[in-house]
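Novice: Please see the structure below; I have some questions.
Bear in mind that the values in this text are calculations on the coordinates, not laboratory data. In this text, all values refer to a predicted model and were calculated from it rather than measured experimentally. As a convention, Cβ positions derive from the backbone with ideal geometry for all residues, glycine included, and neighbour counts pool all protein chains shown.
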Amino acid sequence: MKRGLMVALALLALGLCSLPAFAKAPETVLLLISRENGRNPELMLTMEVGVMLNLLKQAGFRVKVSAPSEREITGTISSLKPDLKNSEVRLADYAGFVLPCMAQPTGAEGVAPEFIKLVQQITATGKPVAAMMSSIDILRKAGVLEGRTIAAQNSRPPCVVDRNLVTSMMCPYMAQEMGEKDAVADVMRAFIGLLRAKSQ
C-alpha cells in the first residue's frame, strides 16, 4: 500500500514537473494607438478598439494597448487606459500588431516621426499586422506598402490579406458615414488566422 502511494506521488510529481514544457502561455498582441485625438472617440472605443480587444481575448490571446502617453483615452461613456507608451514598446514581446483607425481626421499627417519609425520596425519583424483606415495611410507614410495589395475604399470583401498584412478601409466611423457595415470583425478574424498559422 505504502509503495503504491509512493509510486503514485512520484508519477504525479513527475507529471507536474513536466507540465510547463507542454503548457504554452497565451501569446500577446499589441494594439497601438497613434494619436489620442480622433473624431467620435466613443464610437471608436466601443465599436473598433473594444471589438478588437474582445475578439482577440476570446481567441485566447493576451492584449496590451500602447499610446503616445499612458493618459486615459475617453469617450462620452467609455474609456481606455493604455498599458504602456509607444516609446516603451519592445517588439520581441508580441506575436502580432494591430493599428486601429480611431477616426483620425488627417490620416498620417501629424503622426509623430517616432511612431512612423516604430511602424517600420514592426513590419520588418514579419509578424502579423492588421491596419484599419487611417492606419493604412501611416503604413504608406512609413514606406512599407511597396509591392503589397491593400484594401481600397470600396473593396469587396472589405478586408484584404496580403502575406502577413490585413487591411480594411471600413472602420466604424467610415461605415457610419457610408451607411455600411464595418469590417472590424472581418479584419480580426483574418488577423487571428495569421497569428495561429504563424504559431504552428
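Novice: For segment 23-110, state which trypsin sites (Lys or Arg not before Pro) are in a DSSP loop and have at most 16 other beta carbons lying within 10 Å of their beta carbon.
Specialist: Working: sites: LYS24, ARG35, ARG39, LYS57, ARG62, LYS64, ARG71, LYS85, ARG90; in loops: LYS24, ARG35, ARG39, ARG71, ARG90.
The qualifying sites are LYS24, ARG39, ARG71, ARG90.
Novice: Let me ask you something else. Taking the beta-carbon count within 10 Å as an exposure proxy, list LEU84, LEU165, LEU55 from fewest neighbours to most. Mind dumping the intermediate values first?
Specialist: Details: LEU84 15, LEU165 22, LEU55 18.
Exposure proxy ranking, most exposed first: LEU84, LEU55, LEU165.
Novice: Mind checking segment 168-200 for trypsin sites (Lys or Arg not before Pro) that DSSP puts in a loop (not H, G, I, E or B) and that have at most 13 other Cβ atoms within 10 Å? Intermediate results must be reported in sequence, preceding the final value.
Specialist: Details: sites: LYS181, ARG189, ARG196, LYS198; in loops: LYS181.
Passing both the DSSP loop test and the Cβ count: LYS181.
Novice: Structure shown: which of LYS81/LYS198; LYS85/LYS117; LYS85/LYS198 lie over 18 Å apart, alpha-carbon to alpha-carbon? Write down the numbers at each step before the final one.
Specialist: Working: LYS81/LYS198 29 Å; LYS85/LYS117 15 Å; LYS85/LYS198 26 Å.
Among LYS81/LYS198; LYS85/LYS117; LYS85/LYS198, the Cα-Cα distance tops 18 Å for LYS81/LYS198; LYS85/LYS198.
Novice: Per-residue ellipticity at 222 nm for the chain, helices alone: DSSP H runs ≥ 4 residues times -39500 (n - 2.57), over residue total, nearest 500 deg cm²/dmol?
Specialist: Values: 7 runs with 77 residues, N = 200.
Value at 222 nm, helices only, nearest 500: -11500 deg cm²/dmol.
Novice: Among THR123, THR76, THR149, which one shows the biggest mean-square fluctuation in a GNM of the chain, springs joining Cα atoms closer than 10 Å?
Specialist: Of THR123, THR76, THR149, the Gaussian network model singles out THR76 as fluctuating most.
Novice: Need one word for segment 26-199: rounded, prolate or oblate. Basis is the Cα gyration tensor (sqrt eigenvalues a ≥ b ≥ c); a/c below 1.5 gives rounded, then a/b vs b/c decides. Before the final figure, lay out the partial values.
Specialist: Details: a/c = 1.16, a/b = 1.03, b/c = 1.12.
Rounded is the answer for segment 26-199, as its axis ratio a/c remains below 1.5.
Novice: Among GLU27, GLU180, GLU42, which one shows the highest mean-square fluctuation when the chain is modelled as a Gaussian network with alpha-carbon springs under 10 Å?
Specialist: GLU180
Novice: Can you tell me how much longer the chain between ARG189 and ASN40 gets when fully stretched, taken as 0.36 nm per residue apart minus their C-alpha distance, in nm with one decimal? Could the numbers behind the result be given before it?
Specialist: Values: separation 149, 0.36 × 149 = 53.64 nm, distance 2.46 nm.
Stretched out fully, the ARG189 to ASN40 stretch lengthens by 51.2 nm.
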